[in-house]
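K.L.:
Before I ask anything, here is the structure I am working with.
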């Protein structure tokens with residue numbers, strides 16, 4: 001454990017960010033999985049709605065800095081090709 005006050009604060013900040021980032025990434029993966037399931041079922045309307053929701057979550061993660069912009073673009077591109 002760090003002895004310096006600023007280092008202790010930095011460790012705590014990193015811990016909070018890690019928890020938040022993990023939650024956002026998990027949410028993105030969940031929406032991607034839901035889209036893949038909807039696309040596999042063959043229901044176009046359901047797949048389109050799931051695609052929009054997944055795209056929204058990916059954009060949100062990119063805007064928060066959890067995902068890099070190119071990673072978000074790659075995810076969306078792959079989902080769009082499935083659609």
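The values are calculated or read from the model by the stated rules, or taken from the named source; none is laboratory data. Owing to the predicted nature of the structure, the values given are computational and were not obtained by experimental measurement. Cβ: placed from backbone, ideal geometry, glycine included. Neighbour counts: every protein chain shown.
K.L.:
Hey, can you tell me all the residues within the range 22-44 that are touching a helix residue (DSSP H, G or I) at 6+ places or on another chain (Cβ under 9 Å) and over 13 Å from residue 82 (Cβ atoms)?
P.N.:
24, 25, 27, 28, 30, 31
K.L.:
Looking at residue 52, is it buried (at least 16 other Cβ atoms within 10 Å of the Cβ), assigned to a helix (DSSP H, G or I), at negative phi and over 9 Å from the mean Cα position of the chain (by Cα)?
P.N.:
Answer is no for this residue.
K.L.:
Determine which member of the set 2, 47 is modelled with pLDDT under 95, part of a loop (DSSP other than H, G, I, E, B) and touching a helix residue (DSSP H, G or I) at 6+ places or on another chain (Cβ under 6 Å).
P.N.:
2
K.L.:
What single numbered condition from (1) part of a helix (DSSP H, G or I); (2) surrounded by 14 or more Cβ atoms within 10 Å (Cβ to Cβ); (3) in contact (Cβ under 8 Å) with a residue 24 or more places away in the chain fails to hold for residue 66?
P.N.:
Here residue 66 clears every test but (1).
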